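> Below you'll find the structure I mean.
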Amino acid sequence: MWRAIAKQSLGKQPFTAVSMTLLCCRQFSSTPTTVNALNTVVITGSTRTEGAPRPILGPRVCSYICSSLENRGHVISAVLDPTLPLLEKPHFAYSKTQVPPEMQEMADAIQEADCYVTITPEYNHAPSPGLINTLNHFGSSLFSFKPSAIVSYSAGQWGGTRAAHALRPILSELGCLPVSAMIHIPQVQDILDDEGNVMGDENTRQRWDSYTERCFSQLEWWGEAARIHKKAADPFQVSPAFAKSPTERNAP
């Protein structure tokens, strides 16, 4: 249902560890950040394990993004895969004692995060149905007042940009407003190898590092700012979560 980060490469074998630890970092040349480490949850959108077109690209992108973030000094506390069943009952609809354990683990990871990175392929000009299903299982009270970043990809030339733009209002409604810069990776099969490393010469790797740095630097700025300010003022005190009825959203 979800993957805790184990001390092994993302591209080699699935995660089964229960405890959350730091993913082993490969050598990337991106610029380390001066911001304190952010507790980051990565939410992926690929559900495919076989079938055309080949190869399966999602794990490559996830590995690249996680390793890039770690190289900047951040902790990937969890990678959430879109394997929850089709939404019938969201996390907030259960009584606290009846929440399925794995769902509660995912909710805890989301709530404890400082920021989020969502990774989506493009389906019919829209985000992954599996990713949207995962997000809809959890209420905005877990996501709110923290930033998010959007990564999209494709085997073709557009890099999933239409899916990325369609994802922005969903993340905004959850309260984890996406930063302005996004990461789009076209023709992934020609850019990243099986382990998520950028293929090509040093100049190519530096160009990709520079490209992703714009998005990550914005995520870091907002993530650190939100974390600091929440210590001074509880945002839920003046903007409490809706807990009783959708009518709480209504204008007077």
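The values are calculated or read from the model by the stated rules, or taken from the named source; none is laboratory data. Predicted model, so just to flag it, every value in this text is computed and none were measured. Here Cβ is always computed from backbone atoms with ideal geometry, including for glycine, and neighbour counts include all displayed protein chains.
> Anything in segment 117-139 that is among the polar types (S, T, N, Q) and within 15 Å of the chain's Cα centre (by Cα)? List them, or say none.
118, 120, 128, 133, 134, 136
> Among the numbered criteria (1) surrounded by fewer than 16 Cβ atoms within 10 Å (Cβ to Cβ); (2) part of a helix (DSSP H, G or I); (3) in contact (Cβ under 8 Å) with a residue 24 or more places away in the chain, which single criterion is violated by residue 194?
(2)
> Another question, then. Taking segment 68-81, which residues are part of a strand (DSSP E or B) and in contact (Cβ under 8 Å) with a residue 60 or more places away in the chain?
76, 77, 78, 79, 80
> Residue check: is residue 180 surrounded by fewer than 20 Cβ atoms within 10 Å (Cβ to Cβ) and either in a helix (DSSP H, G or I) or modelled with pLDDT under 95 (or both)?
no
> Search segment 57-73 for residues being more than 16 Å from residue 153 (Cβ to Cβ) and either acidic (Asp, Glu) or in contact with an Asp or Glu (Cβ under 8 Å, 6 or more places away or on another chain) (or both), and hand back the single one that is surrounded by the fewest Cβ atoms within 10 Å (Cβ to Cβ).
Looking at the filtered set, the residue picked out is 70.
Okay, residues lined up against (1) more than 14 Å from residue 79 (Cα to Cα); (2) part of a strand (DSSP E or B); (3) among the hydroxyl-bearing types (Ser, Thr, Tyr):
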residue: 131; (1), (2), (3): no, no, no
residue: 134; (1), (2), (3): no, no, yes
residue: 152; (1), (2), (3): yes, yes, yes
residue: 156; (1), (2), (3): yes, no, no
residue: 163; (1), (2), (3): yes, no, no
residue: 166; (1), (2), (3): yes, no, no
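> While we're here: In segment 26-56, which residues are at pLDDT below 50 and either under 16 Å from the mean Cα position of the chain (by Cα) or buried (at least 17 other Cβ atoms within 10 Å of the Cβ) (or both)?
Matches in segment 26-56: 26, 28.
> Report, by residue number, each residue of segment 85-124 that is assigned to a loop (DSSP other than H, G, I, E, B) and either closer than 15 Å to residue 150 by Cβ or aromatic (Phe, Trp, Tyr) (or both).
Those that are assigned to a loop (DSSP other than H, G, I, E, B) and either closer than 15 Å to residue 150 by Cβ or aromatic (Phe, Trp, Tyr) (or both): 94, 121.
> Looking at this structure, is residue 136 under 21 Å from residue 40 (Cα atoms) and among the polar types (S, T, N, Q)?
Yes.
> What is the number of the single condition among (1) crowded, with 21+ Cβ neighbours inside 10 Å; (2) without any contact (Cβ under 8 Å) to a residue 60 or more places away in the chain; (3) part of a loop (DSSP other than H, G, I, E, B); (4) in contact with a helix residue (DSSP H, G or I) (Cβ under 8 Å, 6 or more places away or on another chain) that residue 142 does not meet?
Of (1) crowded, with 21+ Cβ neighbours inside 10 Å; (2) without any contact (Cβ under 8 Å) to a residue 60 or more places away in the chain; (3) part of a loop (DSSP other than H, G, I, E, B); (4) in contact with a helix residue (DSSP H, G or I) (Cβ under 8 Å, 6 or more places away or on another chain), only one is false for residue 142: (3).
> Could you tell me which residue of segment 208-238 is surrounded by the most Cβ atoms within 10 Å (Cβ to Cβ), considering only residues that are touching a strand residue (DSSP E or B) at 6+ places or on another chain (Cβ under 9 Å) and free of Cβ contacts under 8 Å to residues at least 60 places away in the same chain?
So, considering only residues that are touching a strand residue (DSSP E or B) at 6+ places or on another chain (Cβ under 9 Å) and free of Cβ contacts under 8 Å to residues at least 60 places away in the same chain, the one surrounded by the most Cβ atoms within 10 Å (Cβ to Cβ) is 208.
> Would you be able to tell me the number of residues in segment 220-252 that are of a type outside the set (S, T, N, Q) and not in a helix (DSSP H, G or I)?
Qualifying residue count, segment 220-252: 9.
> Then there's this: Regarding segment 82-100, can at least one residue be identified that is buried (at least 23 other Cβ atoms within 10 Å of the Cβ), of a type in the set (Ser, Thr, Tyr) and in contact (Cβ under 8 Å) with a residue 60 or more places away in the chain?
Checking segment 82-100: not a single residue is buried (at least 23 other Cβ atoms within 10 Å of the Cβ), of a type in the set (Ser, Thr, Tyr) and in contact (Cβ under 8 Å) with a residue 60 or more places away in the chain.
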